[in-house]
Amino acid sequence: MVGLTAAIALQCAVWGANPVSYNAALQDAQKQQRPLLVLVGASWCPGCQTMKTRVLPSLAKRGALRVVSLAIVDTDAEVETAKQLMRGGSIPQLIVFSRLPDGHWHREQLTGEASEAEVQSLIGRAIRAQQAVGETVAGAIGN
């Protein structure tokens, strides 16, 4: 019972920190000017469940997800959204979008079960890309 309670608490930490739906997370990312992190997976996929119930909650507990807007997309429940986001047919896919200076979104992804270090590195690259946008805008304003 204690394990179940701890798992629920960790999931609440992930879900409570950021919007869960893709559209809400996208709007939040645009408003807050931060990267959008999307986990595309399914309830029947062991790697997806590891990402959803262990890796992401652990990162959330350490505060590593506060710098992104997070969405979880279930391939079975949100078929069209999943199709639009996925590259290839393997899951889980952890995708991060960061805004470029020209206003377009840069996409990078990890396919398959990933470690906390790999996810944190992915987020770090997205944050650096996002910061470059801010520096470009500040430079343009200062000129």
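Every number here is computed from the coordinates shown, using simple stated rules; none is lab data. None of the values given here were measured: they were computed from a predicted structure. Heads up, the Cβs are rebuilt from the backbone with ideal geometry, glycines too, and the neighbour counts pull from every protein chain shown.
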Calculate the FRET efficiency for residue 84 and residue 50 from the Cβ-Cβ distance with a Förster distance of 30 Å, rounded to the nearest 0.05. 0.80
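Set the Förster radius R0 to 22 Å, insert the Cβ-Cβ distance between residue 115 and residue 76 as r into 1/(1 + (r/R0)^6), and round the FRET efficiency to 0.05. Don't jump to the answer; show the numbers that get you there.
Values: r = 26 Å, r/R0 = 1.16.
That gives a FRET efficiency of 0.30.
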Considering the zone a paramagnetic label at residue 131 would reach in this model (a point 7 Å from Cα along the Cα-to-Cβ line), which residues of the range 30-59 have amide N under 15 Å from it? 34-35
